[in-house]
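A short write-up of the structure that comes next.
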Amino acid sequence: MPIYNAPLKNVDPKETRRYAGLANADFNEQAIVDACNEMTYIAEPRGSWEIYDYDNEQGIVLASPLFKIQGSKILKHLSHSKKVVLLAVTIGGNVENFIAKTFHNGNYSQGMLLDAAATTAVEQTADSLEKNIDAFTRPLGYKRIWRFSPGYGDWDINCQPQMLRLSNAAMIGIHHTDSMMLDPRKSVTAIIGLVPEMDPFSPQKPSCATCQQKNCHSRVKKK
Amino acid sequence: MINIFDGAMGTILQADGILKPGVCPELLNIQSAQAIINVHKQYISAGATIIETNTFGGSSLKLAQYGLTDKVRAINIAGVKNAKAAMQHNGKVAGSMGPIGRFIEPLGDISFDTVYKAYFEQASALAEGGADYILIETCIDLQEMRAALLAAKDAAPGIPVICQMSYSEDARTVTGTDPQTAAITLEAMGADIIGANCSTGPEELLPIVKILAQNCKCPISVQPNAGMPHLINGKTIFPMHPADMGKWAPKLIEAGATFIGGCCGTTPAHIAAIKEAVSGLADPVRSPLPHRLALTSRTKTIFIGTDLPTRLIGERINPTGRKKLAAEIKAGSFISVKKEAVEQTNAGADILDVNMGVGGIDQTAAMEKAIKEIAQIVSTPLSIDTSDPKALEAGLKVYPGRALINSVSAEPDRLKYFLPLAKRYGAAVLCLPLSDKGLPKTGSERVAIIEKIIAAAKQAGLQDNDFILDCLVMTVAADKTAALEVLQALSLYHSKFGYPSTMGLSNISFGLPDRPLINSTFFAMCLAYGLNAPIMNPYDSLMKNTLLAASALNGNDPHGQHYSLTIAKQPHSETAAAAEVTPRNIIEAIKHSIIVGEKENIAQMVEHALKEGHTSNEITENALTTAMNAVGKDFGAKKIFLPQVMLSAEAMREAFLKIKEILPSQASANKGTVVIATVKGDIHDLGKNIVSALLENNGFKLIDLGKDVDSEKIVRTAIENDADIVGLCSLMTTTMTQIDKVIASLKKAGSTAQVIVGGAVLTQEYADSAGADAYAEDGVIAVEIAKKLTAKRKGSQAL
């Protein structure tokens, strides 16, 4: 079941507010909701995935050719996984053009909100894909742990070519640039560890503490 | 009679060492026929009265994984023969067809027709082998089930088709279908037996069986797993003991099932336990279904009935008389169509009418695309509104639910082409009292035409719960009895047929003044006469309020509770009047508008200020710049956030545009020239765009080179334009080294521009090491730095 284009019936205004860096600011809520609605009309959500056996002692995805995972945090995260799912999602390239056009027409704030809504939409598309994958992995007796993307922690984005190939991402139109950016830009690749249901292992969700984006406006500051 | 299915096949074959890893299980029908027969016999001994063939993955799309697409016929015929050989005429054989392993477009990447063809081929072979039933099982998507059901009925006419979907713990299939929706959709398409199997155990399937039984007349089948699975030492184990499984069987029968067996993890012992537990049980008593029309989407059912509240059919997805929408559809864009779908749903539409009547386009392709797009974005059931049978079929085929056909008249072509399509795709029919003899004048004439349509529809296989009757509204300006005859038709429909009624209301007022008043009055009259589902504009507040009031008056809204709550929430229009701009101090007013980011009146205010004699420089310095400084300060203090800053920038832009329009020569308050770009290899745009917008609206001349810009172009532009500032942006560790390269090239080329760098991965340290003049953490800081650096550069040039 390599392709699943999850319907995007709404985009979460709360997450959009967060991605827009608005925190708890007193901001026109309707503008955020409008951007979220607009995103459901222009986004073209698509997703692809594949399941592989995983050697958790050596950190190798048993694909052909083998895919060695490098990065201490991701290896620790997958240390109890017997299988892994590699997934890719995108909301397409039209979204970017639309946002750029909005911005260039002088609607800066709406452009920013749309960009935040687009980020929310990609994450929601990945969430929906995960739920869809559950239907195939749970009957086998596996539970899923948090998805982890290249670029988080110390997992280098130079693995994007393998991530894209092993998740069949070309089938949904995702490619990488020479600098390992995903194109369309509003796309995500990720790995999900599958741990036997009976195994009590439950890793912490990757948080701001594991991220190297020190200037990120969404960063949760330690108290 | 209670029918007993068998249980799992694969696990027994694996345990016996017959099915080895990597081997196609279905090929064993040919290669190890006796072993398959032996498993079947174990189940027959346990009490199974229906044996399922070992053909679950026997479609060409599944067999392709083993390079066996040329063996579909042979494998499936062998599968039936093996089951028959084991059965020895002591029971029935169900030809099993499982999922093809991919989702149908637009959820997935395979077309409905391709899936249909694969199932058709498999069902043909199962029928040829002599199967007594075609069993479509473990389906997780309603659209796949629809394709398989159509294929089975076409390939094996006369053989009963069992449709079993697989429901997760949330009582929905993976793609969101609930059992009520499945039962209604599949029965309408001609499923003979409807059921559930796999995914969960008997406890979880019990409520699903109940819902299935309450929503269709078909017999119900159920085949649970032996509980929820555990993975132990690399093996998937289903924990439920046969005796425990047996205990659930009578409950499943009581809930409505008359076909019962097992799925994953069940063994002959489980089947024997079920057999023993249900022996002697009478068939369950099923309640009759209420007399209602049901429409479904993939995930939702809506009932329309004379005993139910009014349902609104949204009419806005119709390009007739809407040039912009028509042009968009013609250009292949469905953004506005999707928007109308969502907004009408939010406005209270229960059903959405979809009309693609644009001249000069391929209506079939447009209808297919529109239905696919709308069904992905809303759960609201759809009405397919077309006079073209090809467009109708395209829409019905791709719609993952039970649609309404708008409409079938008594015209010969409509009866001939539309009714068989309604039957085939399980659609409901909106009956329009129009015939080739012209328009009916009276209510009785309408009834006579409807009778003719219903008779033809029933002959085509449709049933009483498949119809909604249109009253055909004519213009009262042309015929004084037009409204009264509609009311008469409503009464007659109600007493004669008992089917729900509908109409497009607005035609009544054509040619009269104050049409909304006529429309809403007529609406109220129709509601009093029992109109169930008007086709109308759900944004029309007068019509909606009329419905609210009518519901309170006709008893559908007890004590007017809903009416009271809704009216209380509605805003009073008097307060919405826009305030006139008469500020005491116009400069202060402009400043205030910039700070709070209100751009609506800013152009008017600037015009006002210029008329009062304020100079453009005064406005720029005392209102605009002062305001932006205040905004920057608040942003720095984290009192406001970037989207708020951008609202101020938007207001600023409007002000600048107005000054430029009125005084083109005075508008060039140039603080300096900035060349800005996102570096080579980086396609991030937004951050750079924000900085550009802020600089531009703070009086800088901007040359924005865009994203993914190579070093040479940046340097050349900076030199040619004698740039004061070069702004470089990078958001990736993989692209930030480009910054070093651009700075080195700028220096080499002799540019004296000051370089400001920024972007998520950059830091002050990196900026320093790359030789940048400044690092800006955000757009607001970038403006401050740019101001300082240009002043510095101009100062040093002056020396």
- Task: Can you tell me which residue among B:Gly130, B:Gly95, B:Gly195, B:Gly101 is at pLDDT 95 or above, on the phi > 0 side of the Ramachandran plot and not assigned by TED's automatic domain parsing to the domain that holds B:Lys369?
- Result: B:Gly130
- Residue ID - surrounded by the fewest Cβ atoms within 10 Å (Cβ to Cβ), chosen from residues in segment B:505-529 that are touching a Pro at 6+ places or on another chain (Cβ under 9 Å) and modelled with pLDDT of 95 or more: B:Leu527
- For the subset of segment B:668-707 comprising residues that are in contact with a Phe, Trp or Tyr (Cβ under 7 Å, 6 or more places away or on another chain) and small (Gly, Ala, Ser), which member is nearest to B:Lys599 (Cα to Cα)? B:Ala693
- Among the residues of segment B:282-308, how many are in contact (Cβ under 8 Å) with a residue 60 or more places away in the chain and either surrounded by 14 or more Cβ atoms within 10 Å (Cβ to Cβ) or among the basic types (Lys, Arg) (or both)? 18
- Output yes when any residue across segment B:331-341 is of a type in the set (Phe, Trp, Tyr) and either assigned to a loop (DSSP other than H, G, I, E, B) or in contact with an Asp or Glu (Cβ under 8 Å, 6 or more places away or on another chain) (or both), and no when none is. yes
- Message: Is it the case, given these coordinates, that A:Leu22 is within 13 Å of another protein chain (Cβ to nearest Cβ), farther than 20 Å from B:Lys338 by Cβ and not in a helix (DSSP H, G or I)?
- Response: yes
- Is there any pair with a first residue in segment B:715-738 that is at negative phi and a second that is among the aliphatic types (A, V, I, L, M) and part of a helix (DSSP H, G or I) whose Cβ atoms are under 6 Å apart and which are 6 or more apart or on different chains, and what are they? B:Val715/B:Leu746; B:Ile725/B:Ala786; B:Val726/B:Ala718; B:Leu728/B:Ile739; B:Leu728/B:Val742; B:Ser730/B:Ile739
- Item | Residue satisfying all of: in segment B:602-636; assigned to a helix (DSSP H, G or I) and among the β-branched types (Val, Ile, Thr); surrounded by the fewest Cβ atoms within 10 Å (Cβ to Cβ) among these | B:Thr626
- Query: For segment A:46-145, list the helices (runs of 4 or more DSSP H) that sit wholly inside it and hold at least 1 residues that are at the interface with another protein chain (Cβ under 10 Å from one of its Cβ atoms); which are they?
  - Reply: A:94-104, A:108-137
- Positions within segment B:751-766 being in contact with a Phe, Trp or Tyr (Cβ under 9 Å, 6 or more places away or on another chain) and either surrounded by fewer than 17 Cβ atoms within 10 Å (Cβ to Cβ) or away from every other protein chain (no Cβ under 12 Å) (or both), in sequence order: B:Ile756, B:Val757, B:Thr763, B:Gln764, B:Glu765
- Quick one: count up the residues across segment B:584-634 that are within 14 Å of another protein chain (Cβ to nearest Cβ), of a type outside the set (Asp, Glu) and within 24 Å of B:Ala776 (Cβ to Cβ). 5
- Residues of segment B:155-188 that turn out to be among the small types (Gly, Ala, Ser), touching a residue at least 60 places away in the same chain (Cβ under 8 Å) and in a helix (DSSP H, G or I), as a count: 1
- Task: Determine the pairs where a residue that is at positive phi, located within segment B:507-526, has a partner that is at pLDDT below 95 and of a type outside the set (Val, Ile, Thr) with Cβ atoms under 8 Å apart, the partner being 6 or more residues away or on another chain.
- Result: B:Gly511/B:Ala477; B:Gly511/B:Ala478
- Residues that are hydrophobic (A, V, I, L, M, F, W, C) and in a loop (DSSP other than H, G, I, E, B), drawn from segment A:1-19: A:Met1, A:Ala6, A:Leu8, A:Val11
- Query: Which of the residues that make up segment B:185-212 are crowded, with 24+ Cβ neighbours inside 10 Å and among the hydrophobic types (A, V, I, L, M, F, W, C)?
  - Reply: B:Leu186, B:Ala188, B:Ala191, B:Ile194, B:Ala196, B:Leu205, B:Ile208, B:Val209, B:Leu212
- Count of residues meeting criterion [under 20 Å from the mean Cα position of the chain (by Cα) and either at pLDDT below 95 or within 14 Å of chain A (Cβ to nearest Cβ) (or both)] in segment B:143-166: 2
- Task: Return yes when A:Glu38 is part of a loop (DSSP other than H, G, I, E, B), within 10 Å of chain B (Cβ to nearest Cβ), buried (at least 17 other Cβ atoms within 10 Å of the Cβ) and not polar (S, T, N, Q) and no when it is not.
- Result: no
- Out of all the residues in segment B:21-79, which are in contact with a helix residue (DSSP H, G or I) (Cβ under 6 Å, 6 or more places away or on another chain) and assigned to a strand (DSSP E or B)? B:Ile51
- Those strands (runs of 3 or more DSSP E) lying entirely in segment B:189-244 with at least 1 residues more than 14 Å from chain A (Cβ to nearest Cβ): B:193-197, B:220-223
- Task: For B:Ile361, indicate whether it is assigned to a strand (DSSP E or B) and more than 14 Å from chain A (Cβ to nearest Cβ).
- Result: no
- Query: Of all residues in segment B:680-696, how many are within 9 Å of chain A (Cβ to nearest Cβ) and either assigned to a loop (DSSP other than H, G, I, E, B) or among the hydrophobic types (A, V, I, L, M, F, W, C) (or both)?
  - Reply: 10
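The values are calculated or read from the model by the stated rules, or taken from the named source; none is laboratory data. Just so you know, these numbers come straight off a predicted model, no measurement behind them. So basically every Cβ, Gly included, is an ideal-geometry build from the backbone, and we count neighbours across all protein chains shown.
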